[in-house]
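Written below as structure tokens is the structure these notes are about.
The values are calculated or read from the model by the stated rules, or taken from the named source; none is laboratory data. It should be emphasised that the depicted structure is a prediction, and the values quoted were computed from it without experimental measurement. When we count neighbours, we look across all protein chains shown, and the Cβ atoms used for this are built from the backbone with ideal geometry, even at glycine. SASA here: full protein model, heavy atoms, side chains in, ligands and nucleic acids out. Shrake-Rupley method; radii C 1.70, N 1.55, O 1.52, S 1.80 Å.
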Amino acid sequence: MTFKKILIVGAGFSGAVIARELANADHTVTVIDSRDHVAGNCHTYRDDKTDIMVHKYGPHIFHTDNERVWQYITRFGEMMPYINRVKAVSGGQVYSLPINLHTINQFFGKTFTPSAAQSFIEEQADTSIDQPKTFEEQALRFVGKDLYQAFFKDYTIKQWGTEPSNLPASILKRLPVRFSYDDNYFNHKYQGMPKFGYSQIIANILEHPLITLHLNSSFIKSMQTDYDHVIWSGPLDAYFDHSLGRLGYRTLDFKPFYGKGDMQGNAVINYCDNSEAFTRVTEHKHFSPWESHKKSICYTEYSRNCNAEDIPYYPIRLVDDKALLERYVDLAHKSNGVTFVGRLGTYRYLDMDVTIKEALETADALAEAFVSQQIPKVFYQHVI
């Protein structure tokens, strides 16, 4: 077997996991990233003023049911127990999210039992909608007009920059409605936060004698001639120099502010109506409840369309974007010597655990292809 020289563009979870697995198979790997740190948008660091572990690009809570993924991440960093309990401000009141029995009783001024609440919500639902196709139809079908307008409509417009009727139903399907007092935002077997941050985990994954890391280093197409294969975790359209046009992304702006003690009493508070332009406020000391800090730092979070100079966070995937995506996917399938991975490389909204799962599967497929001397064509078919 001839061992390969691999170039990986991007030092986030996708790039780091694939780099480690290929290095474990004795391939030589170079990882480059245009930023001055590893971990991509999961980057964490200690704030100088407060010593709090800050999620620079917004909070990331790890949650998964995948045993392999959980075992993998805990190999490289200690995961501490953490339950994400989100609060929501709507109409001048504070509620619990996701919508649960307490939210329903508080909002409607009732004392429903679980079965009574379920029956009540079914009465609120628009049963004329048989197969919801849009975000709005999904909400109206399953929670009714009142809860939709209080918690989803304005928030969604702020988050996505478009009417909920323009968004696919799949976005809302990720959010549960519970007829119990369980306010755990996620419903996965494994949930936690890294004790020393995500950046340390990524650094540990990349710690291997066959891996070389270069930060502040941008990809240039001529680099490909020096390597047997390229793994691309940047934006799919950027690899092709936006030759067909730019895919749509949303980006986030964060305005930090400091204080003493406990400033908002919770890690995440969503602002669901349009009385505020921002979507949420996060207090980062609460993401590390095992630590104690006298001072505090909060982020006020705003969402907007991503410009050329901005950091892309998540794909919009509206009708026009999907049509353009199909053309880029066609280019990707015709491109030799490159594999596209991750949220940006496959233009999908991926949670961290899915990112790691797919990175492990991609590394397995690449290693097998290298052994068989075949040209790797690893690209997730379900991108569209």
Please compute the net charge surrounding residue 264, taking Lys and Arg as +1 and Asp and Glu as -1 over other residues with Cβ under 15 Å from its Cβ.
+3
Expressed in nm to one decimal, what extension gain is obtained for the pair residue 277 and residue 291 from 0.36 nm per residue of sequence separation less their Cα-Cα distance?
1.9 nm
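Can you tell me the length gained on complete extension of the stretch residue 322 to residue 108, counting 0.36 nm per residue apart and subtracting the Cα distance? Don't skip to the end; give the middle numbers.
Details: separation 214, 0.36 × 214 = 77.04 nm, distance 3.93 nm.
Net length gain for the segment: 73.1 nm.
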Using a Gaussian network model of the chain with C-alpha springs under 10 Å, which one of 267, 369, 139 is most mobile by mean-square fluctuation?
369
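Can you pull out the chymotrypsin sites (Phe, Trp or Tyr not before Pro) in the stretch 279-358 whose DSSP state is coil and whose Cβ has at most 12 other Cβ atoms within 10 Å? Before the final figure, lay out the partial values.
Numbers: sites: 287, 290, 299, 302, 313, 328, 340, 347, 349; in loops: 290, 313, 347, 349.
For chymotrypsin sites (Phe, Trp or Tyr not before Pro) across the stretch 279-358 that sit outside H, G, I, E and B with at most 12 neighbouring Cβ atoms in 10 Å, the list reads 290.
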Overall Cα dimensions of the stretch 297-343 - principal axes, largest extent first, Å
47, 26, 17
Show me, for the stretch 306-311, the HN-Hα J-couplings you get by feeding each phi into the Karplus relation (A = 6.51, B = -1.76, C = 1.60, θ = phi - 60°), rounded to Hz, glycine and proline as x.
8, 8, 4, 8, 8, 7
Charge tally in the Cβ shell below 11 Å around residue 41, where Lys, Arg are +1 and Asp, Glu are -1, residue 41 excluded
+3
Calc'd 3J(HN,Hα), the stretch 335-348, phi into Karplus 6.51 cos²θ - 1.76 cosθ + 1.60 (θ = phi - 60°), Hz, glycine/Pro = x, comes to 8, 8, x, 9, 10, 9, 9, x, 4, 7, x, 10, 6, 9
Amide H neighbours of residue 280 under 5 Å, counting only residues 5+ apart in sequence or on other chains, H built in-plane at 1.01 Å?
271, 301
Simple spin-label estimate for residue 307 and residue 48 in nanometres, 7 Å along Cα-Cβ:
2.7 nm
Separation in nanometres of the label points that stand 7 Å from Cα toward Cβ, at residue 2 and residue 118
6.2 nm
Calculated from backbone phi, Karplus (6.51, -1.76, 1.60) coupling profile of the stretch 37-51 in Hz, x at Gly/Pro:
8, 8, 5, x, 6, 8, 4, 10, 7, 7, 5, 5, 7, 10, 6
Calculated FRET efficiency for the pair residue 208/residue 149, C-beta based, R₀ 45 Å, to 0.05
0.30
Return the Cα extents of the chain along principal axes one, two and three, sorted largest first, each rounded to a whole Å.
69, 51, 38
Rounded to the nearest Å, the spacing of the alpha-carbon centers of the stretch 196-214 and the stretch 293-348 is 23 Å
Could you provide, to the nearest whole Å², the per residue accessible area of the chain with probe 1.4 Å?
46 Å²
Choice from 262, 237, 183 showing the highest fluctuation, given a GNM over the chain with Cα pairs closer than 10 Å
262
For the stretch 1-125, just say rounded, prolate or oblate: build the C-alpha gyration tensor, square-root its eigenvalues into a ≥ b ≥ c, call rounded for a/c under 1.5, and beyond that prolate if a/b exceeds b/c, oblate if not.
prolate
Filter the chymotrypsin sites (Phe, Trp or Tyr not before Pro) in the stretch 1-75 down to the DSSP loop ones having no more than 14 other Cβ atoms within 10 Å, then list what survives.
3
Carbon-plus-sulfur fraction of the accessible area of the chain, 1.4 Å probe, in percent?
49 percent
A 23 angstrom limit on the alpha carbon distance is what I want to check against. Which of 87/260; 189/260; 5/221; 260/285; 195/295; 56/87 exceed it?
189/260
DSSP-loop trypsin sites (Lys or Arg not before Pro) across the stretch 207-298, with at most 12 other Cβ within 10 angstrom
294
Amide hydrogen neighbours beyond the local backbone of residue 338, cut-off 5 Å, H modeled:
230
Specify the residue with the greatest mean-square fluctuation among 307, 184, 100, computed from a Gaussian network of the chain linking alpha-carbon atoms under 10 Å apart.
307
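So, counting K/R as plus one and D/E as minus one, what does the shell of residues with Cβ under 15 Å around residue 141 add up to?
Values: positive: 133, 145, 153, 173; negative: 122, 123, 126, 130, 136, 137, 146.
With Lys, Arg at +1 and Asp, Glu at -1, the neighbours total -3.
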Simple label model, 7 Å out from Cα along Cβ direction - residue 126 to residue 177, nm
1.3 nm
Add -39500 (n - 2.57) for each DSSP H run of 4 or more in the chain, then divide by its residues: what number comes out at 222 nm, to the nearest 500 deg cm²/dmol?
-8500 deg cm²/dmol
